[in-house]
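Colleague: Below you'll find the structure I mean.
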Amino acid sequence: MGAAALRALPWALLLLGPLLPGQVLQANPMLTSEGQPAPLPSGNVPGFTPAPPAAPEEIHPLKEHPANGSGEGHAKPRKAFPVIGIDYTHVRIPFEISLWILLACLMKLGFHVIPSVSSIVPESCLLIVVGLLVGGLIKGVGEKPPILKSDIFFLFLLPPIILDAGYFLPLRQFTENLGTILIFAVVGTLWNAFFLGGLMYAVCQLGGPGLNHISLLANLLFGSIISAVDPVAVLAVFEEIHINELLHILVFGESLLNDAVTVVLYHLFEEFANFEQVTIIDIILGFLSFFVVSLGGVLVGVIYGVIAAFTSRFTSHIRVIEPLFVFLYSYMAYLSAELFHLSGIMALIASGVVMRPYVEANISHKSHTTIKYFLKMWSSVSETLIFIFLGVSTVAGHHYWNWTFVISTLLFCLIARVLGVLVLTWFINKFRIVKLTPKDQFIIAYGGLRGAIAFSLGYLLDYKHFGMRDMFLTAIITVIFFTVFVQGMTIRPLVDLLAVKKKQETKRSINEEIHTQFLDHLLTGIEDICGHYGHHHWKDKLNRFNKKYVKKCLIAGERSKEPQLIAFYHKMEMKQAIELVESGGIGKIPSAVSTVSIQNINPKTLPLERVLPALSKDKEEEIRKILRNNLQKTRQRLRSYNRHTLVADPYEEAWNQMLLRRQKARQLEQKMNNYLTVPAHKLDSPTMSRARIGSDPLAYEPKEDSENLPIITIDPASPQSPESVDLMSEEPQGGCSGLPPSPEEDEEGLVMRVKEEPSSPGTDDVFTPGPSDSPSNQRMLRCLSDPGPRPEPEEGEPFIPKGQ
């Protein structure tokens, strides 16, 4: 039994060797306690080779050694205590990363300090030039410049830019133009990839012996890499020229959503290149993978966005970690999508769009400011590093220049972009209310910039399956430089030359918000009446579901029930209070400012009650109720309009008869007036009469016997005419001669006035005649008002009779 245990001891030590200390040197299970080699057991153990005996200088972990580290009889010379030392290898990686970030920030600072350069050259162009210079200097001193690796780009540099774009995405413009964006992103990218790949395959077949070996799948893979519009390059250029919101969201939205198409085509052609034969089933599965990649990425982003919103509901006591949840959940969404080869860009956009309205309702204003500025800073640094490393990688990489392949790639990229935009816009304008003009089409086609995504995808190609990788990278870098330098530098003067509408930097107001919501509800009601399930109908359904279920679960407190207009008012109020505090005008805060702004400025000093001297609490609740009932609730869905199923209105015929009778009565009264009355000559005003008499008094000399004639100064047929009213109101003041009328003239003249009684509101002047509107009275008035035909004035007779 003891011999068997001794024979099993070496095997136990061999198995436990990795767990024992001292394995840094060498595990030797055949040593005795004194460190000497033990004799082998009877017979050699198969598969086991004994280790050589330990050297005298080896250190055994169980033996005691001198404290100064000197061996037996071999003492090392004692050195002085190192006051200062250099260990660059210990800090090399973080030190170099910090230097690159510092260089990027200094370049960005210098770019904005010199305004003459920034007005001519885009920032992306200048950063690429800086990268070329730095790469040339590193290569000139004999070192190897660093290359922008694909893992670093896709895992660390690209996510901040996409998260910043997705979190602050203008959701209204994006959703209103979603159909146009999807057509450009999906159909346009597919067109560019297959058009470019097919033409490049034809060029390779006709280009000579150096290009004949490139297969069709390799050309299609190259076309899928180079055809996608780059979001980093688009953001860098379009934010500097301040293009209008429509063109910006069309081009930028296309660059974001075409990631799914690019990922699917890249992996599809990369897998097909390994197959001996591609079947129809493989093509069908590749087509289905597009929906899996795109919709799967969106689903992953929505899940993480909902989790982030739900987590922010419980962070009211720990405000410090609120921004961290936004960053971590978004980055986890991107990594989870990349884990399953889904679209990470779609996941980041979906998570940012979903979480933002709920997270901002739960977090404090300081956390919101932290998220905003940290995302802007992170994305700006990443963008700067991408363009600098793009220039450095151009110098450091291996290139293979082929004039035919490179020039053909550049030419066909431009042709495919222009043709795709023209054809798709012609189709899109058939369904758009706001048409895309030729200027818009030119900017969309000219703004299709390529960037670092295409370079990183090309860098991922394997030499084993794609021996022409260096030539592909050379062509990709050429296209990137052409689009960024030539198109990026000339797009600003072209926008000014074509007078393209630019973005208006204006702040939204309560008035604009009210009218925007009013128009949304009005269009929703019109769609309900017409029975058309359009954009506003589904938007209203989604808003109802959000208010009824989602807000109650993801928003804490009473803000889940707060109407959108009131929430927007609180947001504006908060901005105004913060601006007043920052400008030092805290004493000028109006008394009507609510406590929401004060709470966010200083959460520790909460006011006990709302101070609203100008508006009572009941009045405020009444106003909120009116806004909530009239702006937030559209009427329920009714049946579709159909003239055959309308219910007849019982009062419609009576109203028609009443209108006809009123119209006939008015026509009859007009005919009687024309028959019984003779239209009098249009008289001048007293001012004009005095002016004419003053200019020629002899021509208007009254006759001697004209004073004895009675004068009728009334027109009862039309008492509301301005001439008769003015005449009656001015006659008692005197005639045209300016002398007061004598009592004899007042007695001799026949003056008749009609007493006007104001009709009560709501009565009909035709069907409810007054006491003075009887037929006999009207007939008497018409007879008295008919003086008969007047004789023509003789020569020398005054133009205006005396006393008139």
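Colleague: What is the residue count in segment 213-248 for residues that are of a type in the set (V, I, T) and surrounded by fewer than 22 Cβ atoms within 10 Å (Cβ to Cβ)? Can you show your working first?
Modeller: Kept after step one, since they are of a type in the set (V, I, T), are these residues of segment 213-248: 214, 225-226, 229, 232, 234, 237, 241, 243.
Subset that is surrounded by fewer than 22 Cβ atoms within 10 Å (Cβ to Cβ): 241.
Total meeting the criteria: 1.
Colleague: For segment 520-571, enumerate the residues that are at pLDDT 80 or above, within 17 Å of I626 (Cα to Cα) and open to solvent by 50 Å² or more (accessible area, probe 1.4 Å).
Modeller: L522
Colleague: Quick one: which helices (runs of 4 or more DSSP H) sit completely within segment 131-183 and have at least 2 residues that are surrounded by fewer than 19 Cβ atoms within 10 Å (Cβ to Cβ)?
Modeller: Working: elements: 158-167, 171-176, 178-182.
By residue number, 171-176, 178-182.
Colleague: Here's another thing I want to ask about it. Pick from segment 194-212 the residues that are touching a Leu at 6+ places or on another chain (Cβ under 6 Å) and without any contact (Cβ under 8 Å) to a residue 40 or more places away in the chain: which of them is least open to solvent (accessible area, probe 1.4 Å)?
Modeller: Quick first cut of segment 194-212, residues touching a Leu at 6+ places or on another chain (Cβ under 6 Å) only: 197, 201, 204.
Those left that are additionally without any contact (Cβ under 8 Å) to a residue 40 or more places away in the chain: 197, 201.
Numbers: G197: 0, Y201: 77 Å².
This residue is G197.
Colleague: Are there any helices (runs of 4 or more DSSP H) wholly within segment 421-507 with 1 or more residues that are over 27 Å from I407 (Cβ atoms) and open to solvent by 80 Å² or more (accessible area, probe 1.4 Å), and if so which?
Modeller: Values: elements: 438-446, 452-459, 469-481, 488-498.
By residue number, 438-446, 488-498.
Colleague: Could I ask something else about it? Starting from segment 526-543, keep only residues that are closer than 20 Å to T180 by Cβ, then list their pairs with residues that are at pLDDT below 85 and open to solvent by 80 Å² or more (accessible area, probe 1.4 Å) whose Cβ atoms are within a distance under 7 Å, requiring at least 6 positions of separation or different chains.
Modeller: If the second residue must be at pLDDT below 85 and open to solvent by 80 Å² or more (accessible area, probe 1.4 Å), no pairs are left.
Colleague: Let me ask something else about it. For the condition in a loop (DSSP other than H, G, I, E, B) and in contact with a helix residue (DSSP H, G or I) (Cβ under 7 Å, 6 or more places away or on another chain), what is the one hit in A260, A228?
Modeller: On the way: A260 fails: in a loop (DSSP other than H, G, I, E, B).
A228 is the lone residue from the list that is in a loop (DSSP other than H, G, I, E, B) and in contact with a helix residue (DSSP H, G or I) (Cβ under 7 Å, 6 or more places away or on another chain).
Colleague: Cβ-Cβ below 7 Å, separation at least six or inter-chain, first residue in segment 398-415 and open to solvent by 100 Å² or more (accessible area, probe 1.4 Å), second modelled with pLDDT of 90 or more and among the aliphatic types (A, V, I, L, M): which pairs?
Modeller: Y400/M471
Colleague: Can you tell me how many residues in segment 397-410 are among the hydrophobic types (A, V, I, L, M, F, W, C) and closer than 14 Å to R450 by Cα? Explain how you work it out, then say what you get.
Modeller: From segment 397-410, those among the hydrophobic types (A, V, I, L, M, F, W, C) are 401, 403, 405-407, 410; that's our starting set.
After this cut, where a residue has to be closer than 14 Å to R450 by Cα as well, the list is 410.
Selection size over segment 397-410: 1.
Colleague: Might you let me know whether segment 267-290 holds any residue that is under 25 Å from the mean Cα position of the chain (by Cα), buried (at least 19 other Cβ atoms within 10 Å of the Cβ) and part of a helix (DSSP H, G or I)?
Modeller: In the first step, residues of segment 267-290 are kept if they are under 25 Å from the mean Cα position of the chain (by Cα); the result is none.
Checked segment 267-290: no residue is under 25 Å from the mean Cα position of the chain (by Cα), buried (at least 19 other Cβ atoms within 10 Å of the Cβ) and part of a helix (DSSP H, G or I).
Colleague: Does at least one position in segment 202-214 carry a residue that is in a helix (DSSP H, G or I) and in contact with a His (Cβ under 7 Å, 6 or more places away or on another chain)? First the steps, then the outcome.
Modeller: Step one: list which residues in segment 202-214 are in a helix (DSSP H, G or I), which gives 202-206.
Checking which are in contact with a His (Cβ under 7 Å, 6 or more places away or on another chain) leaves us with none.
Checked against the condition, which is being in a helix (DSSP H, G or I) and in contact with a His (Cβ under 7 Å, 6 or more places away or on another chain), segment 202-214 yields no hits at all.
The values are calculated or read from the model by the stated rules, or taken from the named source; none is laboratory data. Keep in mind it's a predicted model, so treat the numbers as computed, not measured. All Cβ positions, glycine included, derive from the backbone under ideal geometry; neighbour counts span all protein chains shown. For accessibility, only protein heavy atoms count, side chains too; no ligands or nucleic acids. Shrake-Rupley method; radii C 1.70, N 1.55, O 1.52, S 1.80 Å.
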